[in-house]
Number of protein chains: 4
Amino acid sequence: MSFNTFGQLFRVTTFGESHGPAIGGVVDGCPPGIRFRLEDIQAALDRRRPGQSRFTTQRREPDQVKVLSGTIEDEDGVLTTTGTPVALLIENVDQRSKDYAAISESYRPGHADYVYDRKYGLRDHRGGGRSSARETAVRVAAGALASRVLAGVTVRGALVQMGEIFIDRSRWDWDEIDRNPFFCPDADAAQAMAEYLDAIRKSGSSVGAVIEIVAEGVPPGLGAPVYGKLDADLAAAFMSINAVKGVEIGEGFASAGLTGEANADEMRMGNDGSPLFLSNHAGGVLGGISTGQPVVARFAVKPTSSILTPRQTVTRHGENAEIVTKGRHDPCVGIRAVPVGEAMMACVLADHVLRARAQVSPPPAWPFPR
Amino acid sequence: MSFNTFGQLFRVTTFGESHGPAIGGVVDGCPPGIRFRLEDIQAALDRRRPGQSRFTTQRREPDQVKVLSGTIEDEDGVLTTTGTPVALLIENVDQRSKDYAAISESYRPGHADYVYDRKYGLRDHRGGGRSSARETAVRVAAGALASRVLAGVTVRGALVQMGEIFIDRSRWDWDEIDRNPFFCPDADAAQAMAEYLDAIRKSGSSVGAVIEIVAEGVPPGLGAPVYGKLDADLAAAFMSINAVKGVEIGEGFASAGLTGEANADEMRMGNDGSPLFLSNHAGGVLGGISTGQPVVARFAVKPTSSILTPRQTVTRHGENAEIVTKGRHDPCVGIRAVPVGEAMMACVLADHVLRARAQVSPPPAWPFPR
Amino acid sequence: MSFNTFGQLFRVTTFGESHGPAIGGVVDGCPPGIRFRLEDIQAALDRRRPGQSRFTTQRREPDQVKVLSGTIEDEDGVLTTTGTPVALLIENVDQRSKDYAAISESYRPGHADYVYDRKYGLRDHRGGGRSSARETAVRVAAGALASRVLAGVTVRGALVQMGEIFIDRSRWDWDEIDRNPFFCPDADAAQAMAEYLDAIRKSGSSVGAVIEIVAEGVPPGLGAPVYGKLDADLAAAFMSINAVKGVEIGEGFASAGLTGEANADEMRMGNDGSPLFLSNHAGGVLGGISTGQPVVARFAVKPTSSILTPRQTVTRHGENAEIVTKGRHDPCVGIRAVPVGEAMMACVLADHVLRARAQVSPPPAWPFPR
Amino acid sequence: MSFNTFGQLFRVTTFGESHGPAIGGVVDGCPPGIRFRLEDIQAALDRRRPGQSRFTTQRREPDQVKVLSGTIEDEDGVLTTTGTPVALLIENVDQRSKDYAAISESYRPGHADYVYDRKYGLRDHRGGGRSSARETAVRVAAGALASRVLAGVTVRGALVQMGEIFIDRSRWDWDEIDRNPFFCPDADAAQAMAEYLDAIRKSGSSVGAVIEIVAEGVPPGLGAPVYGKLDADLAAAFMSINAVKGVEIGEGFASAGLTGEANADEMRMGNDGSPLFLSNHAGGVLGGISTGQPVVARFAVKPTSSILTPRQTVTRHGENAEIVTKGRHDPCVGIRAVPVGEAMMACVLADHVLRARAQVSPPPAWPFPR
């Protein structure tokens, strides 16, 4: 069962609520001998951290991560995994539970309030409890560890659509990503997004987004034919991120409009004697298994449900009501979903690398043949 | 690990290759006391069966299912599940392995041939082996059983796009589904699809499609907040179907272009004293948990990769080659994906119903309190 | 969930009842490239097959196994696994359901009849249904496949106690195992067992047994520290065999009576420069991980519950009754548990070999580093 | 995969090393609405806590547990589970890593030192790292939570053998358990154990033990026929406790010496109209499913491997050596294994209660029928 665990061999179990004392997780199955510094994980967390521009929530969380187990540290501060579970802990600092008192009785549209009451018969209304996107900080920390398992693989994400603003793919520049607060690879689009989101934010509204994650250097052969498909695991991984409503691989939904000829990724032998694909409509996955081309996936994030415009709703007690969701919210939660998407891609790939090792043929030197 | 198993509590494990002696599966976790007739499962299989119109593969497979275990039969031919695993067996009848001799050396673009060789170091080239869509017959049989677990839930699917032909949603009529060979809910669009697909088929080409699956009568409270999300499981389920490249729930990718106000599903108290949603942008799932509204999902199927137009490729031995994929193929595999999508929806929902029972609070009369 | 699945990476799912049309199973996760002949599996099944001496049930089952998927066969009849699930099917031939008519209303002491009715609200009373030891034939077939994964490992079992007859360990001779119908490694004890069991059988009674399974050639490093312990998995594996009531590793229960000095397995460097254990009280497992010494486990099998002596019981309808269990039963089910125990040891070890490969450090040549 | 997770629906994942900053765990799947106080968990921990008598290690750990998530607290300090994961944290206080400096190079006989080096290629030598029995504190905390799920079930454990001292079962008195430092139910035996263990302790030696765990009030119907057997899960659970080498249910190994007549648990209708077993040789489990009688299990704990008597060993560098294991150790680790065994019994039963609810027939009021 996987209520709160993600992955099979590189397993991430998370815990914690937005307004409890801490959030955290356990990475189980990380191979021994993986070396990293606490700063590596912290750097990943800092990309996702709230309060870094006027376009994200003003909640101030340092998101300082502690590693409680599973590593030994040398004199230089390098941590080496021992093969035992790596526990990660991030204390919550800037909770303002009183922001939520007003909404404890009414169901916020687009939030999980109503379904929690129906499912569990009770709920922790402070900040959405377990449904808060704060949980994704732990994913980012785990993803940083996963990326250390993926020697030679580069995982990067970009915001490719915000509301009505689309990027121009011909202007794609990965270097641009860190130069604007949107992880946008198109400088002009980033400028347009800034103006657009300022207006959205000031009007108390919110907007959705599409994120693209690309993994380069993935070896062919990750995945499995039927229910262990790499793309099925990616679909679940991205759909498990808060507010995500759609996932696609390669051509995705556009492939429905193509003919077989147009969609075929033809092959030729390359100059180095290796097979070469002439296109990548497949997004790096065929039959559920990686082809060796870049793995390309996109996911859609709905607009933030917490808005200042009054909406109709009902209360726990069955009365009609009107609700305005105050608090400190991201006008576009899709922005901070970029590092989360990268982390999920890294975790899924690390999991599949370990799976592939288990099924490797011929067997490795250990533990067989001897 | 879930290489060939789908689901957690309603678990479906499938086996078999397109051109081996049989395909089949084991449904483990089906509760005792579920009553059905073999004809119920057969009827579901017949909807997916090949060779029923000129628009699907002419392979003639009766797809006769046998139930090998897990049930007791009464005098009237009603089978009752006993709580032990239900094994399903479908013998392959109309294999023509020689169709595949020509392609044993060359990699078919869009197929898993190349990645199998890279992953396993060998492959069963007959009919795609494990990657053949024949495996989905077992899913349909399992889905028929799942639907018996879902008392009061109706799961239906429809083809909403074929290549460049889109349905007109204002003309949606579920009764139309069984009146055309496309599971299309719009009679006019179905007529257009027939002409369109005839041309595609005659030219030796193929085309993609989008399928929508709707589950009505789903109780609120199925799913779980983080990695046990109902929609994450649906995303994996649909993405695990052959040739699927995208999945969305409710507004899906369109939600990226909406504002928070437009996307909010407001609520009012209904005349019967129950809360009522005024819209269903969420597609029946909030925070990973069902709301009680219809669960609405769509998935995109790429065009059939087996086409008669010659394509460039390489051989196993590293030579450039050209390939034409003969054999008996569906010009639009999306059509037969409709019953498969229904089956996956039913299996996921049945799984989550069992999960919800495990976590029910207050506890049921058995086993506790006594 | 593992209602009917055993193992994590080498996963065996079984199905089937004693008196249904067939029993079978699916081995998922078997690496590609494993070569075997159908005769290898059949030979293993023949060791467990009923009706081979007067000391086992006279039910006549040929136990002919079919492999339905997951392999390709060459001209010489050698099957090679492809990495996809291997389905195994054994048809039931010699069912005599009428033998069971008398007991459909009364609960047989020591059998699962009563608990099935309490758990499921119904049961398949024919031959014990799912609880029949016939299910173990599938384990033996899967174990034969597992043993092909375990290159260099020898797994053997022996009956070391039958009722009041104990073997003399100083007379242990593995060659003796196949010379008597009890898998007994002590020729004198085997003679005594024959006389003893003849008397038991003629009196309509039954008797228990202890089986020892030894795996030689197991590399050090299989297992994991806490919940992935090799010996914990062996304990579950053996306890899952019908009628088993106890499991021990190495000194087992006797270790409770030892001091730390007596129980310590001291080490010295061997002549070949490898560390050498001077004793094996640990039974080849320390801290849940294999030491490289033989893995030694024992399990106790209770006497067959089906006996001709009348016993007091109750009926489904709440009446006191007396019951005599006719039918064709083993007077000592422990005998045929020997090949089953070997199979379980092989399956657990194969599973842990695959697990170890997943966590191997440094990583193998594929998939990484490249 | 279950490297560090135990259970299927009531899932316990633990982390932490003996000499790291903290140990802890995550309980996932605990139903919502379970009420408890922090003191309940603390009281359970205190029973296992080191340093409470001269017969256990003198390491002083307060074992103060924190609940980081998954509950809401009312004004009276009552915590109610919300259905989200419950994280437990226990900080390590009294580490003395220098005690272990001497043994970083040599392998302690009976410990996991050697196999860790062989498996992982490196190890955390401080206090046995992950293999330390400190991990069991988290099990005890989780078990206290499990026991709140088990309304009406009483789980108790007792030490029934210490080295050469056996209890007299006719003198069994549960009230005696808390009156001596051994959890011994026989006052006379406890007196003998005190003298016996004083001598063992003073001589720098150690001794093994047998623990019996009894669960009363277990409803019939927990477990499943084949690989989901209640007793198979108990066997794995107990064998996963440090230093355990054997597990038995009911008559256990003694059943091998019995006839079918002697071992049969006959039934009669009781005065209240319910079926009644006249004996409990089965230990409360038939065919892997609970009968409603007390579940009775025993496990054997080997003598503590850390002793003051010098033993022969080898170093990491392949040299012969002699070793004396100093530090603060329990002369009989079996004593503190009593509350750990109780916890494992409670966790396994809670897991099976949730499993049974998932398969309940007819279905409960929610989520079906409606």
Item to check | Failed condition for D:Arg156, given (1) modelled with pLDDT of 95 or more; (2) open to solvent by less than 10 Å² (accessible area, probe 1.4 Å) | outcome: (2)
Checklist entry - What residue, among those in the range D:265-277 that are within 7 Å of chain C (Cβ to nearest Cβ) and modelled with pLDDT of 95 or more, is surrounded by the most Cβ atoms within 10 Å (Cβ to Cβ)? => result D:Met267
Checklist outcome for this item: Taking the range C:317-370 and the residues there that are within 25 Å of the chain's Cα centre (by Cα) and acidic (Asp, Glu), the one that is farthest from the other protein chains (Cβ to nearest Cβ) would be C:Glu342
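With respect to D:Lys326, determine if the residue is basic (Lys, Arg), buried (at least 24 other Cβ atoms within 10 Å of the Cβ) and touching a helix residue (DSSP H, G or I) at 6+ places or on another chain (Cβ under 7 Å). Working first, answer last.
Details: basic (Lys, Arg): yes; buried (at least 24 other Cβ atoms within 10 Å of the Cβ): no; touching a helix residue (DSSP H, G or I) at 6+ places or on another chain (Cβ under 7 Å): yes.
Considered against the rule, which asks whether it is basic (Lys, Arg), buried (at least 24 other Cβ atoms within 10 Å of the Cβ) and touching a helix residue (DSSP H, G or I) at 6+ places or on another chain (Cβ under 7 Å), D:Lys326 comes out as no.
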Next on the checklist: Suppose we filter A:Tyr114, A:Tyr120, A:Tyr107 for residues that are touching a Leu at 6+ places or on another chain (Cβ under 8 Å) and farther than 28 Å from C:Gly228 by Cβ; which single one remains?
Outcome noted: A:Tyr114
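If a residue must be part of a strand (DSSP E or B) and closer than 17 Å to C:Ala236 by Cα, how many such residues does the range C:270-289 contain?
Within the range C:270-289, the subset part of a strand (DSSP E or B) is C:275-277, C:285-286, C:289.
Applying the additional criterion that residues be closer than 17 Å to C:Ala236 by Cα yields C:285, C:289.
Residues flagged as part of a strand (DSSP E or B) and closer than 17 Å to C:Ala236 by Cα within the range C:270-289 amount to 2.
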Checklist entry - What number of residues within the range C:244-269 satisfy the criterion of being without any contact (Cβ under 8 Å) to a residue 24 or more places away in the chain, closer than 24 Å to D:Val314 by Cα and not in a loop (DSSP other than H, G, I, E, B)? => result 8
Checklist outcome for this item: In the set B:Ala300, B:Ala236, B:Ala262, the lone residue that is surrounded by fewer than 24 Cβ atoms within 10 Å (Cβ to Cβ) and at pLDDT 95 or above is B:Ala262
Checklist entry - Is it the case that the range B:164-174 has a residue that's open to solvent by 10 Å² or more (accessible area, probe 1.4 Å) and at pLDDT below 95? => result no
Next on the checklist: I'd like to verify a number: residues in the range A:1-46 that are at the interface with another protein chain (Cβ under 7 Å from one of its Cβ atoms), under 29 Å from A:Pro181 (Cβ atoms) and of a type outside the set (Ser, Thr, Tyr), how many?
Outcome noted: 6
Checklist outcome for this item: Taking the range A:69-96 and keeping residues aliphatic (A, V, I, L, M), under 19 Å from D:Glu17 (Cβ atoms) and free of Cβ contacts under 8 Å to residues at least 40 places away in the same chain leaves A:Ile72
Checklist entry - Is it the case that the range A:297-314 has a residue that's within 9 Å of another protein chain (Cβ to nearest Cβ) and under 25 Å from B:Thr313 (Cα atoms)? => result no
Checklist entry - If you scan the range B:175-192, which residues turn out to be in contact with a Phe, Trp or Tyr (Cβ under 8 Å, 6 or more places away or on another chain), farther than 16 Å from B:Glu342 by Cα and surrounded by fewer than 22 Cβ atoms within 10 Å (Cβ to Cβ)? => result B:Pro181, B:Ala190
Checklist entry - Is one or more of the residues making up the range C:175-184 on the phi < 0 side of the Ramachandran plot, outside any helix (DSSP H, G or I) and hydrophobic (A, V, I, L, M, F, W, C)? => result yes
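Check the range C:79-88 and report whether any residue there is assigned to a loop (DSSP other than H, G, I, E, B) and open to solvent by 30 Å² or more (accessible area, probe 1.4 Å). Can you show your working first?
As a first pass, look at the range C:79-88 and keep what is assigned to a loop (DSSP other than H, G, I, E, B): C:82-85.
Restricting the remaining residues to those that are open to solvent by 30 Å² or more (accessible area, probe 1.4 Å) gives none.
No - not one qualifying residue is present in the range C:79-88.
Does D:Asp46 satisfy the condition of being open to solvent by 40 Å² or more (accessible area, probe 1.4 Å), among the acidic types (Asp, Glu) and more than 15 Å from D:Ala137 (Cβ to Cβ)?
Working: open to solvent by 40 Å² or more (accessible area, probe 1.4 Å): yes; among the acidic types (Asp, Glu): yes; more than 15 Å from D:Ala137 (Cβ to Cβ): no.
So D:Asp46 fails the test.
Take C:Val140 and tell me if it is surrounded by 20 or more Cβ atoms within 10 Å (Cβ to Cβ) and in contact with a strand residue (DSSP E or B) (Cβ under 7 Å, 6 or more places away or on another chain).
Values: surrounded by 20 or more Cβ atoms within 10 Å (Cβ to Cβ): yes; in contact with a strand residue (DSSP E or B) (Cβ under 7 Å, 6 or more places away or on another chain): no.
Spelling it out, it is not the case that C:Val140 is surrounded by 20 or more Cβ atoms within 10 Å (Cβ to Cβ) and in contact with a strand residue (DSSP E or B) (Cβ under 7 Å, 6 or more places away or on another chain).
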Next on the checklist: Tell me yes or no: at least one residue of the range A:218-232 is buried (at least 24 other Cβ atoms within 10 Å of the Cβ), free of Cβ contacts under 8 Å to residues at least 24 places away in the same chain and small (Gly, Ala, Ser).
Outcome noted: no
Checklist outcome for this item: Restricting attention to the range D:4-59, the residues that are in a loop (DSSP other than H, G, I, E, B), within 17 Å of the chain's Cα centre (by Cα) and not basic (Lys, Arg) number exactly 5
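How many of the residues making up the range A:127-139 are among the basic types (Lys, Arg) and more than 9 Å from chain D (Cβ to nearest Cβ)?
Here is the first cut: in the range A:127-139, the residues among the basic types (Lys, Arg) are A:130, A:134, A:139.
Next cut, more than 9 Å from chain D (Cβ to nearest Cβ) only: A:134, A:139.
Summing the residues that are among the basic types (Lys, Arg) and more than 9 Å from chain D (Cβ to nearest Cβ) in the range A:127-139 gives 2.
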Next on the checklist: So, in the range D:60-78, how many residues would count as being within 30 Å of D:Thr325 (Cα to Cα) and in a loop (DSSP other than H, G, I, E, B)?
Outcome noted: 5
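If I go through the range C:5-51 residue by residue, how many of them are touching a Cys at 6+ places or on another chain (Cβ under 7 Å) and over 27 Å from C:Asp74 (Cβ atoms)? It would help to see each step written out before you state the result.
Taking the range C:5-51 and keeping what is touching a Cys at 6+ places or on another chain (Cβ under 7 Å), we get C:6-7, C:10, C:12.
Next, from what is left, pick out any that are over 27 Å from C:Asp74 (Cβ atoms): C:6-7.
Of the residues in the range C:5-51, 2 are touching a Cys at 6+ places or on another chain (Cβ under 7 Å) and over 27 Å from C:Asp74 (Cβ atoms).
Select from the range A:216-243 the residues that are in a strand (DSSP E or B) and facing chain B (nearest Cβ under 8 Å) and list them in ascending order.
Let us first name the residues in the range A:216-243 that are in a strand (DSSP E or B), namely A:216, A:223.
A:Gly223 - this is the single residue of the range A:216-243 that is in a strand (DSSP E or B) and facing chain B (nearest Cβ under 8 Å).
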Item to check | Set A:Ile165, A:Ile177: member being hydrophobic (A, V, I, L, M, F, W, C) and closer than 18 Å to B:Ala256 by Cα | outcome: A:Ile165
Checklist outcome for this item: With the first residue restricted to the range D:203-214 and required to be within 7 Å of chain C (Cβ to nearest Cβ) and in contact (Cβ under 8 Å) with a residue 12 or more places away in the chain, and the second required to be assigned to a strand (DSSP E or B) and of a type in the set (A, V, I, L, M), Cβ contacts under 6 Å at 6 or more apart or on different chains are D:Gly208/D:Val301; D:Ala209/D:Leu159; D:Ala209/D:Met162; D:Ala209/D:Val301; D:Val210/D:Val160; D:Val210/D:Ala300
Checklist outcome for this item: Scanning the range D:108-124 for residues that are surrounded by 24 or more Cβ atoms within 10 Å (Cβ to Cβ) and not in a helix (DSSP H, G or I) gives D:Pro109, D:Gly110, D:Ala112, D:Arg123, D:Asp124
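The values are calculated or read from the model by the stated rules, or taken from the named source; none is laboratory data. Note that the structure is a prediction, hence the values are computed from the model and not measured. We place every Cβ from the backbone using ideal geometry, glycine too, and count neighbours over all the protein chains shown. Note: areas computed on protein heavy atoms with side chains; ligands, DNA, RNA excluded. Shrake-Rupley method; radii C 1.70, N 1.55, O 1.52, S 1.80 Å.
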